[in-house]
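Beneath this line is the structure, given in C-alpha cells, with notes to follow.
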Amino acid sequence: MEIKSVGVFCGSSLGKNSIYSEEAKNLGKEIALAGLTLVYGGSNIGTMRALADECLKYSGRVIGIMPKFLTKKEILHEGLSEIHICQTMAERKDMMGKLSDAFIVLPGGIGTLDELFEALSWLQLDIYEKPIGILNINHYYDHLLTFLNHATDEGFIIQHHRHNLLVAESSSEMLTCIQQFVPHSAPTTWVQQLINDTEEKLINRSE
C-alpha cells in the first residue's frame, strides 16, 4: 500500500523536556519533505502545534480534525491547509482513520493512548492493514512496551498482533518503517482457537 498521508497522535501538552517538542517539529518537517500529508487533531497547543507548524513551514499539507465542542475552547489551529469539524471524539478518530494511510504516535497522555489502542484494535480486527508506529522519544514508551510484552506473554495479546506495532527512535527511521510495513497475519483460525481455549479451560477449571 502506498503511503500518501500520515495520521499523528500526540499531546496537547509540551511535556517537561524540550526534546518532545523538538522531535515533534522534526517529524512535521520530515513528513513535509517526504511529500506526505499530515493528518492530526487540529490543535494549536502542545506538541500538536509544534508538529503542525513545522510541517506547514516546509510547505507540507496539514489536515486538522476537531470536535465542535473543542473549537469553542479556542484551541483550533486556524492556519491549516484543511479543517474538518466533527461532533464527537469518536467521529474524530473515525475520520482520522479514513484520511490516514498510516499512523505515528508521539509522546502524549490519555487521549493519545486512547487513539493508539483504537488504531491497534482496528488493525487486529482486520478493519484495515495500515501501519502503526510508536516514536519512542526519550524512551517515553518503554514501560508501555514492556507491559504489551507482558500481556503477550500472559496470553492476552496474540504475538502476530504484538509484532504489528512498529517502534522507532527517530522520525526518519519511523517513516522508513511505515513505508516498508508488511503486516504479520495471525492464523485465520485465531478466533476459533480462542473459542476452543475458552471452552476447554473453563470446563477444566469447573471440574
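The values are calculated or read from the model by the stated rules, or taken from the named source; none is laboratory data. These figures come from a predicted structure and were not determined experimentally. No Cβ is skipped: glycine too gets one built from the backbone with ideal geometry, and neighbour counts run over all protein chains shown.
Kindly list the number of the only condition in (1) within 24 Å of Leu36 (Cα to Cα); (2) modelled with pLDDT of 95 or more; (3) surrounded by fewer than 19 Cβ atoms within 10 Å (Cβ to Cβ) that fails for Ile127.
Failed condition: (2).
Check off (1) farther than 22 Å from Gly35 by Cβ; (2) over 16 Å from the mean Cα position of the chain (by Cα) for Gly108 and give me the number that stays unchecked.
Gly108 satisfies all of (1) farther than 22 Å from Gly35 by Cβ; (2) over 16 Å from the mean Cα position of the chain (by Cα) except (2).
Among strands (runs of 3 or more DSSP E) lying entirely in region 1-119, which contain 1 or more residues that are surrounded by 14 or more Cβ atoms within 10 Å (Cβ to Cβ) and without any contact (Cβ under 8 Å) to a residue 24 or more places away in the chain?
Counting at least 1 such residues, we get 82-86.
Given the conditions (1) out of contact with any helix residue (DSSP H, G or I) (no Cβ under 9 Å at 6 or more places or on another chain); (2) aliphatic (A, V, I, L, M); (3) over 22 Å from Leu51 (Cβ atoms), and given that Leu123 satisfies all but one, which numbered condition is not satisfied?
All conditions are met except number (1).
May I ask you to list the residues in region 57-102 that are within 30 Å of Pro183 (Cα to Cα) and among the small types (Gly, Ala, Ser)?
Gly60, Gly64, Ala90, Gly97, Ser100, Ala102
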